[in-house]
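J.: Before I ask anything, let me first share the structure, which is written out below as structure tokens.
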Amino acid sequence: MKLSRRLFLKSSAGASAAFAGFAPVWSHASVSVGDWQVDTLSDGNLVLPGAMVTGDLPADEVASILSKHGLASDQFTPDCNITLMRNGTDTVLFDVGAGANFQSSAGQLWEALDTLGVYPEDVTHVVFTHAHPDHLWGVLDDFDEPMFMNARHMIGSTELAYWLDPATVDTISPERQAFAAGALRYLTAIEGQLETFDDGAEVLGGITAREFGGHTPGHMIFDLAQSDQRIVVVGDVIGNHHLAFARPDWVSGSDQDQAAGVASRVRLIEGLAAEDAALIGYHLPYPGIGKAVRDGGGFSFVPA
Ligand SMILES: [Zn+2]
């Protein structure tokens with residue numbers, strides 16, 4: 001599967017399309033936003049116990065929604081889609097995948113970059129949505145040196161302060177203690193290269209950060225807009241293509257603050273649907289590009 005994905009990425013890279021208004025037309029894993037090229041790269045996938053996502057949700061309704069997607073509730077294997085933006089000057093990664101030390105099914109970013117002829121030293125900016133292992137741990141190489149040695153590394157100030165706080169590992173719930181220890185270790189290792197930004201900041205020309213907390217305390221999404229075209233990198237505010245769209249008002253076990261997670265998810269999906277905005281979801285089916293559309297009382301993810 002990896003091979004075909006690589007070939008697919010290679011063949012679709014550089015595809016061009018015409019646009020009208022805020023309506024990017026995409027060629028699978030490669031999207032144009034104005035004259036920027038935006039690609040999604042697969043870091044592989046995660047393997048999660050179903051209960052981690054579904055928690056105490058009503059089992060019958062969960063099964064009904066999942067069955068529409070051909071899924072069962074015992075285990076999920078969500079893809080991990082990393083966004084790459086190139087504009088001829090900057091080479092920007094949104095999150096960097098899991099690296100070698102999280103799950104063996106993930107951590108393939110550098111191979112995916114290689115298929116596009118992009119090398120770690122070419123990356124000018126690494127911008128984080130949040131500091132969970134599947135988004136952060138790829139920031140170091142096998143020698144614990146920064147993988148993207150020439151890049152500016154940028155993270156939301158709320159997110160950074162939370163994970164660098166030595167008290168976090170003791171106050172977070174037991175099942176998340178490994179996340180906290182990992183975040184502290186990886187963020188400390190790159191601390192000298194880290195810059196922070198806040199809600200509403202333009203982290204780079206045309207790329208605006210917006211804080212949607214809940215999944216983690218300072219989770220950020222990124223609005224990429226250029227020449228009247230637009231796509232939104234939503235990270236893990238929308239954690240899957242099934243329950244999160246059908247019932248954004250349901251709590252998700254993957255959100256650290258579940259009530260805040262619901263509020264962020266509802267606000268984001270309603271906004272994206274109302275604006276007919278294209279989105280890239282980190283854990284939506286590869287390549288993770290599509291739109292949120294109203295569907296009955298909830299929403300559906302419509303892939304590009
Ligand atoms: Zn994630």
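Computed from the coordinates by the stated procedures, all read-outs in this text should not be read as laboratory data. These numbers were taken from a predicted model, which means no experiment stands behind them. As a convention, Cβ positions derive from the backbone with ideal geometry for all residues, glycine included, and neighbour counts pool all protein chains shown.
J.: Note the full-extension length gain between MET52 and ASP228 as 0.36 nm times their separation in residues minus their Cα-Cα distance, in nm to one decimal. Intermediate results must be reported in sequence, preceding the final value.
T.: Values: separation 176, 0.36 × 176 = 63.36 nm, distance 3.94 nm.
That works out to 59.4 nm of additional length.
J.: For TYR286, what residues show an amide H to amide H distance below 5 Å, using hydrogens built from the backbone and excluding near sequence neighbours?
T.: Under 5 Å from the amide H of TYR286 lie the amide H atoms of ASP79, each far enough along the sequence or on another chain.
J.: Placing unit charges on C-beta atoms (Lys and Arg positive, Asp and Glu negative, everything else neutral), compute the dipole magnitude of the chain about its Cα centre in debye, rounded to 20.
T.: 860
J.: Here's something else I'd like to know. For a paramagnetic label modelled at 7 Å from the Cα of GLN103 toward its Cβ, which residues of segment 67-91 fall within the zone defined by backbone nitrogen distances under 20 Å?
T.: Backbone N within reach: 67, 69-83.
J.: Which residue, chosen from TYR119, SER264, LEU66, occupies the Cα position most advanced towards the positive end of the dipole of the chain, where the dipole is computed from +1 (Lys, Arg) and -1 (Asp, Glu) charges on Cβ about the Cα centre?
T.: LEU66
J.: In addition: Under unit Cβ charges (Lys, Arg +1; Asp, Glu -1), what dipole magnitude, rounded to 20 debye, does segment 226-286 have relative to its Cα centre?
T.: For segment 226-286, the charge dipole is close to 100 debye.
J.: Sorted by mean Cβ packing within 10 Å, highest first, what order do the peptides 40-46, 250-256 take?
T.: 40-46, 250-256
J.: Going by amide H atoms built from the backbone, whose H comes under 5 Å of the H on ARG230, apart from near neighbours?
T.: So ARG230 has HN proximity to ALA23.
J.: Sticking with this structure for a sec: Of THR158, PRO303, GLN108, which is farthest towards the positive pole of segment 2-303's charge dipole, taken about the Cα centre with +1 and -1 on the beta-carbons of Lys, Arg and Asp, Glu respectively?
T.: Sorting the options by dipole projection puts first PRO303.
J.: List, in order, the whole-Hz ³J(HN,Hα) value for each residue of segment 109-120 obtained from phi through the Karplus relation with A = 6.51, B = -1.76, C = 1.60 and θ = phi - 60°; use x for Gly and Pro.
T.: Per residue, the Karplus-derived 3J(HN,Hα) values read 4, 4, 5, 5, 4, 4, 5, 9, x, 9, 10, x Hz.
J.: Work from the charge dipole of segment 2-303 (Cβ charges, +1 for Lys and Arg, -1 for Asp and Glu, about the Cα centre) and give the residue of GLY138, SER42, THR216 farthest towards its positive end.
T.: SER42
J.: Further question: For segment 86-101, in order, what is each residue's ³J(HN,Hα) by Karplus, 6.51 cos²θ - 1.76 cosθ + 1.60 with θ = phi - 60°, in whole Hz (x at glycine and Pro)?
T.: 10, 10, x, 10, 9, 10, 10, 9, 9, 6, 10, x, 8, x, 8, 10
J.: Can you list residues whose amide H is under 5 Å from VAL127's amide H, if they're 5+ apart or on another chain and H is modeled 1.01 Å from N?
T.: When sequence neighbours closer than 5 places are left aside, the close amide H contacts are LEU93, PHE94, ASP95, MET154.
J.: Could you tell me the center-to-center distance, by alpha carbons, between segment 53-85 and segment 184-207 in angstrom?
T.: When both Cα centres are located, 30 Å separates them.
J.: While we're here: Gain in length, ASP295 to GLU121, computed as 0.36 nm per residue apart minus the alpha-carbon separation, to one decimal in nm?
T.: 58.3 nm
J.: Something else: Where the centre of each part is set by its Cα atoms, how far does segment 106-176 sit from segment 259-296, in angstrom?
T.: Each part reduced to its Cα centre gives a spacing of 23 Å.
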